[in-house]
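Worksheet for the structure shown next.
Read the figures in this text as sums done on the coordinates, not as results from a lab. Computed from a predicted structure; not experimentally measured. Reconstructed Cβ throughout: ideal geometry from the backbone, glycine too, with neighbour counts over all protein chains shown.
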Amino acid sequence: MSDNETIAVMNQYAGDAVAARTPLHHVGLSELAEVTDNRDASVELQEAAVTGQLILRIRGDLHAASEAINDVIGVQLPNELQFHEVTSERGHVLIAWMSPDEWRIHCGLDDAYQLEEDLRSALSGITDTTMAIVNASGGFSVLNLSGADVVPLLKKSTGYDVREANFPVGKVVGTTFAKATVTLLKTRDNQWQIWVRRSFADYVWLWLQDAAREYGLKILTEE
Amino acid sequence: MFLIYCPYCKEDREEEEFHASGQAHLPRPLDPDNMTDEQWGEYLNFRKNPRGTHRELWHHSAGCGKYFNVLRDTVTYKIHGTYKAGEWMELPDEVEESLHATAANLALEPTASTVTESSASGTEESS
Amino acid sequence: MATAKHSKPQARRLETGGTIDRSQPLRFTYNGKAMVGYAGDTVASALLANGVDVVGRSFKYARPRGIMTAGIDEPNAVLQLGGTRSTQTPNVRATEQMLYDGLVCSSVNGWPSTDFDAMGLLGKVGGEVMGPGFYYKTFMYPASFWMTYEAVIRKAAGLGRSPTMPDPETYDHMNHHTDVMVVGAGPAGLCAALAAAKTGVDVLLVDLQPEAGGELTAHQSDELIDGVAARDWVNQTLSTLQALPNVTVLLNTLVNGCHDHNFLTAVQRLQDHIAPKQRQSTARQRLHKIRAHQVILATGALERPLVFANNDLPGCFVAGAIVTYVKRYAVAPGERLVVCTSNDAGYEAAMAWHEAGKEVVAVLDARESVSGAAFDAATRAGIPVLPGHVMFEAKGKKRVKAVCVGMVNSANTMVLGSVKELECDTVATSGGFSPVVHLASHTGTRPVWKESALGFVPGDSAEALHTCGSVTGEHKLRDCLATGINTGQTAAAACGAENTAAAMAVPTCETAEVCDAEALYLIPHKQTPTRAPKQFVDLQNDVTAAAILTATREGFENIEHVKRYTALGFGTDQGKTGNVNGLAIVAHALGKSIQETGTTTFRPNYAPVSFGAVAGAHVGPLFDPKRFTAMQEQHVELGAAFEDVGQWKRPWYFPQGDETMDAAVRRECEATRTSVGILDASTLGKIDIQGPDAREFLGRVYTNSWAKLAPGRCRYGLMCGEDGMVFDDGVTACLAENHFHMTTTTGGAARVLNWLEIYHQTDWPELDVFFNSVTDHWSTMTISGPNSRALLATLCNDIDLSADAFGFMDWKAGTVANVPARVFRISFTGELSFEINVPAHYGAHVWAALMEAGKAFGITPYGTETMHVLRAEKGFIIVGQDTDGSVTPMDLDHGWAVHPQKPFSFIGKRGMAREDCVRPMRKQLVGLKTKDPSVVLPEGAQAVELGVMLEPPVPMIGHVTSSYYSMAAGRSIALALIKDGLNRYGDTIAFPLLDDRIVHAEICKPVFYDVNNDAQKA
Ligand SMILES: [Zn+2]
């Protein structure tokens, strides 16, 4: 039986006509961005637009799987606590290690279905290797944090060691954030990304506002 | 607050990222239907509570989501090592010695070595 | 009011000296009296400068007490701080609180007044009643009086007042990771930090004082280190450290706990030294949570006062405190000083006093032959020194007036010969130094008695923990500097630093010749301790030497028992001044060594910390995460009342206008039964299951069979524990041959996913299957009611919705309101229902579309309460409400959902076959119809047999699990777990209620609506 018959792959993209709402839509971040525009702030926060998110699970021949994935997105499977980013004709793709048999892929919301299909066909032929892909695009808020005081802000929020030596650019960890659980990435110097489950996004937003009070918080919107 | 090495994430993490899931190496019996009530009750309800080294199952709930084993001293709280589910780790030599000493001093029962042996045989049965 | 004898402001302030800023006077009030101090003062130094002798009344005997120390060990000067009801802070040590302009403080141990204490008149009587062990003796019976007694004691003895309004201050936490953490920024700690930092490792240096330097700063030492005065060397070293990028220095920060695996907690007082009105909006205090690769404890030592008769009189100080008040704060808290000492430290107090131009009446040195630099200096200054003498009693009422002095034998156990009185108003004593071993002991390591140091020192720790400086019992400055450097380098090397020895040399300093200390704790009196005036060991808890001896005579030999019997060391000062003296007295009485007697257990916290700091920012709206669905805004707009389900906020009901909950629920029920209702079901746990063994796995964790469930079909399943008890339920859809969509209860989502994972990861790793939570990815809305099909048809044209094409328990993929959706035809209401699942970023859009299109049908949003009523009318269970962890599927009459013939012995099968699970007379789920159909039984009501005598013990036969008024049934309905209930349909049982009503109800099958299930299959 082919993969298409045994797994119900579904195109979940509604097209341009229906807006995809981020978890913090209700906050009105774009209005807040105007309010905080001139503020003297050393922490900046931005919620990314909804992206395609695929949960990729693989067990077996990870080497072969990595090659197959490279063929599809142009980058290999990252090892423990690492993520890779690549920009190609399919746009910007990020792939992050989550667990020994789990990776997360960010892609265009409109590309999630095609990417899932492409990955399935690329991975399906590998011997002694089993895999699953789940579209989870609606499940998370992606928050970008930047500014001079992001590290102290993070130190107020997570018990994970965010010192430069332990947390270089390109690292990703699953950890605690206040009383929520998040995925934390360092994307560039002084630029961090938090992935939080949609239902917890409002809590994390409240927490960040409170914790950033002493540093000043500026809201950014996507370019 | 323990600092626990996750054998999957391959680094030390704060205890608050984990959940303890009780005694490790408790393989589910292969033929429950043919066990007596007493045998099933033993599997279901009885757990070791040693003073000294103990093998525990922990869950990296806020991290990679994997279950793994922790070899821990319940007196000093020292963690002798952690290892993946389905694997086994011998006690470091010096640990066994110090345990005998502790057990002798405190007239403990059962001794640490019997704890270890029975856990070990349990693993072999399941594999 | 005789608190301040000297009406002249700051009469006891010295003309010159000190580190206070005389250009910045600060006003404050103490017990309502206006006073002035200077910037740089603590409240204690300001009170002393203003001539305040009495700062409180003692806990048990209501004796007047004065300031005794200058630091964290202060047992007496524990004040109430704050000028308003909300800013009250109890248990503030005046010796640690920096003065600010407008500070308001009052004594707590004086009720109604410190100087003339009504309880004081009763004090001696009360004291006798509350003898040693009063916690046990006096209050053991009757137990119900305890609260009353406690209230009296609290009011009388004054343990401080809690604020009665919410705290307006904020608090937060900060996490740190470091290579080396150094606790204590005295000479040893500074050296350790610098030695480690110079190797390049990360260093975190913490000290509880606002300034570094420890005793060097407190005593404004002018000893030379590397050729400069010690106080300047301290500042230079601190500046060097603060300039290094790999060093963090936290001052004003109390390390209150040293926990497992080098996890330390420390509370930083960020704004306590600032007047409340001038404070920033940021946190008042910050709790630092520190994980250190290596910990260096340079916590120093605390000076022990000597124990003598009436040693609690105001005017009695620890010797080092006299030095600190004179040299750091420029306050001489009296005119005529007598020093009594067993070591060289007493001389420093005498010299400071003398140099301040005040009279030193005598230095009484218990040592018979004294020599060395301290002795020489005192003698040179013309200070009378009496070797081999002690002061065994102080005299006076609210202040020392004189002391009784005599010769002491060489063992320091007996006063010899004649005694004389020396007039004085101030006493300084030193019994040696107790290393601060608390932090080193928090993880269970017992301290070890070091005879050469006459103190307990830290024992060997299992952690990567080092000690240096006075905490090791080595008090000489040169040793502190050298061990500091050495320890810092050792710790850095343990972090992987190389070439550590080359990084820094030991600073040079002069070393004066010292005279060995002698052991002296309790100064012998002419009388026995029980006959002598009270000799206080623990001043905060009023524990006397006599009380400790009484305890040992009554058979308490274990030091932990003596502690609990006498309350020694139980106060907010945790016995910092009194513990070793108490141990020495116990040891002496038992004829044991101090090592044999041992110490009590040291536990966190080293000193009290505020609840605010512990809670941090996790208060108010941030106390616990609130989880919301993608339709939350719409629920709020519709005026929903919300219910907590785990961390989720779920609409409970949607009142219109001032509608009551009952009325809203009846309206929502009726609308759903007659037209169409809509429910946000997004909170249900959802797990995507893929893999060739998915089906096999489902068969193992559910009680029923999944082998033949075809793609496109859904099935209800029960999950049991290995004990056979139901713990979750839900509908799982077969999406494709190897692909399933499982739903769980809202509260059980995380538990079920863990349940699947733990079995897969530990017991059945050979099964090829993947589980992924998709709870947050899918928004789920259920439209339910006879018009739900017609409503869906208006928004969906790519699914054949006819009953033939889309049957009950089928699911279809399609498009709803232009959004790709999975639609499940399942029902929890018993009506025709469609559960629409769309990606959560489209959830609000689809909900809005359904509400808009639903107007034509009078669509009615309903909440969890209506859902509960509708499902109860059909007898559908709610796990956790109708079950409680002791209920098998058979008890629920859900045998149809159990397939024991499955080849694999599924989870719960063996458990539910145990003898107890198959016995007769188990409690079973049934329906109830009250005899009076308008009476709604309370949930939880206990069932008894009709006619049973209601005299305890009344045999209970079960209880109501769910109970509602049902519009559809036109009567009240209930579900209940009743003994042997499944065999008792038609029987009547009774429910005696709290209000004395007895409600009669008939046991029935738990289906009250549409018994043949026609509606949901329509
Ligand atoms: Zn992990």
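Could you sort C:97-103, C:944-950 so that the peptide with the highest average Cβ count within 10 Å comes first and the rest follow in order?
My ranking of the peptides, most packed first, is C:97-103, C:944-950.
How about the stretch C:659-734: which trypsin sites (Lys or Arg not before Pro) there lie in a loop by DSSP and see at most 15 other Cβ atoms within 10 Å?
C:LYS708
Less than 11 Å Cβ to Cβ from C:GLY431, Lys/Arg counted +1 and Asp/Glu -1: what total charge do the surrounding residues give?
Around C:GLY431, the charge tally is -1.
Could you list which residues have their amide H under 5 Å from that of C:ARG284, counting only those 5 or more apart in sequence or on another chain, with H placed in the peptide plane?
Those lying under 5 Å, H to H, from C:ARG284 are C:THR170, C:TYR171.
Could you give the distance between the Cα centres of the stretch C:932-980 and the stretch C:540-577, to the whole Å?
If we compute the Cα centre of each part, the gap is 56 Å.
With +1 on the Cβ of every Lys and Arg and -1 on the Cβ of every Asp and Glu, and nothing else charged, how large is the dipole of the stretch A:52-135 about its Cα centre, in debye rounded to the nearest 20?
160 debye
Would you kindly derive the ³J(HN,Hα) couplings of the stretch B:46-58 from the backbone phi angles with the Karplus curve 6.51 cos²θ - 1.76 cosθ + 1.60 (θ = phi - 60°), listing them in order in whole Hz, with x for Gly and Pro?
9, 10, 6, 9, x, 9, x, 6, 9, 9, 10, 9, 10
Quick query: amide H of C:LYS686 versus all other amide H atoms, modeled in the peptide plane; which residues come in under 5 Å with a sequence gap of 5 or more or a different chain?
Long-range HN contacts for C:LYS686: C:THR744, C:VAL774, C:THR775.
Would you mind getting me the FRET efficiency between C:ALA856 and C:TRP896? Use the beta-carbon distance for r and R0 = 56 Å, nearest 0.05.
Efficiency computed from Cβ-Cβ geometry: 0.90.
Measuring from centroid to centroid over Cα atoms, what is the spacing of the stretch A:179-208 and the stretch C:176-228 in Å?
37 Å
Using the Cα centre of chain C as origin and beta-carbon charges of +1 (Lys, Arg) and -1 (Asp, Glu), tell me which of C:GLY357, C:SER682, C:GLY863 is placed farthest towards the positive end of the dipole.
After comparing all options, I get C:GLY357.
So what's the net charge close to C:THR472: Lys and Arg +1, Asp and Glu -1, counting the other residues with Cβ under 12 Å from its Cβ?
That sum, taken over residues with Cβ under 12 Å, equals 0.
Enumerate the calculated ³J(HN,Hα) couplings along the stretch C:613-623 in order (Karplus 6.51 cos²θ - 1.76 cosθ + 1.60, θ = phi - 60°), each rounded to whole Hz, writing x wherever the residue is Gly or Pro.
Working through the residues one at a time gives 5, 5, 6, x, 7, 7, 9, x, x, 9, 4 Hz.
Under 5 Å between amide hydrogens, which residues at least 5 positions from C:GLY56 or on another chain qualify, with H placed 1.01 Å from N in the peptide plane?
C:ARG65
Can you grab the distance from the C-alpha centre of the stretch C:79-105 to the C-alpha centre of the stretch C:758-804, Å, no decimals?
Cα centroid to Cα centroid, the span is 60 Å.
Using the reciprocal of the averaged 1/r over all distinct C-alpha pairs, how large is the Kirkwood radius of the stretch C:237-370 in Å?
18.8 Å
What's the FRET efficiency of C:ARG919 with B:THR36 using the Cβ-Cβ distance as r and R₀ = 25 Å, to the nearest 0.05?
0.90
Can you list which of the GluC sites (Glu not before Pro) found in the stretch A:88-155 are DSSP loop residues with at most 10 other C-beta atoms within 10 Å?
A:GLU89
Relative contact order for chain C: what is it in percent, counting Cα pairs under 8 Å that are at least 6 residues apart?
Taking the mean separation of contacting Cα pairs over the length of chain C, I get 9 percent.
For C:ASP995 paired with A:THR127, estimate the spin-label separation in nm (one decimal), with each label point 7 Å from Cα along the Cα-to-Cβ line.
7.7 nm
For the peptides C:747-754, C:69-76, what is the packing order when you average, over each peptide's residues, the other Cβ atoms within 10 Å and list the highest mean first?
The most tightly packed comes first, giving C:69-76, C:747-754.
For the stretch C:476-493, just list the computed ³J(HN,Hα) in residue order, Karplus coefficients 6.51, -1.76 and 1.60, θ = phi - 60°, integers in Hz, with x standing in for Gly and Pro.
6, 4, 4, 5, 4, 5, 5, 5, x, 4, 4, 5, x, 5, 4, 5, 5, 4
Students often get this wrong, so check it: of B:LYS78/C:LYS576; B:LYS48/C:LYS289; C:LYS686/C:LYS1017, which have C-alpha atoms separated by over 27 Å?
From B:LYS78/C:LYS576; B:LYS48/C:LYS289; C:LYS686/C:LYS1017, over 27 Å: B:LYS78/C:LYS576; B:LYS48/C:LYS289.
Could you tally the net charge around C:SER905, taking each other residue with its Cβ under 10 Å from the Cβ of C:SER905, Lys/Arg +1 and Asp/Glu -1?
With Lys, Arg at +1 and Asp, Glu at -1, the net is +3.
Which chymotrypsin sites (Phe, Trp or Tyr not before Pro) does the stretch C:924-1018 hold that lie in a coil by DSSP with at most 15 other beta carbons within 10 Å?
Passing both the DSSP loop test and the Cβ count: C:TYR985.
Take every Cα pair under 8 Å in the stretch A:52-135 that's 6+ residues apart, average their separations, divide by the length, and report that relative contact order as a whole percent.
Relative CO of the stretch A:52-135 lands at 42 percent.
Bin by bin, in steps of 20 Å, what percent of the Cα pairs in the protein assembly as shown do you find, going until the bin that has the longest distance?
Histogramming the protein assembly as shown at 20 Å steps yields 9, 30, 32, 22, 7, 0 percent.
Taking chain C as the reference, fit the longest principal axis to its C-alpha atoms, fit the long axis of helix C:749-758 to the helix C-alpha atoms, and give the angle between the two in degrees, 0 to 90, nearest 10.
Its long axis makes an angle of about 90 degrees.
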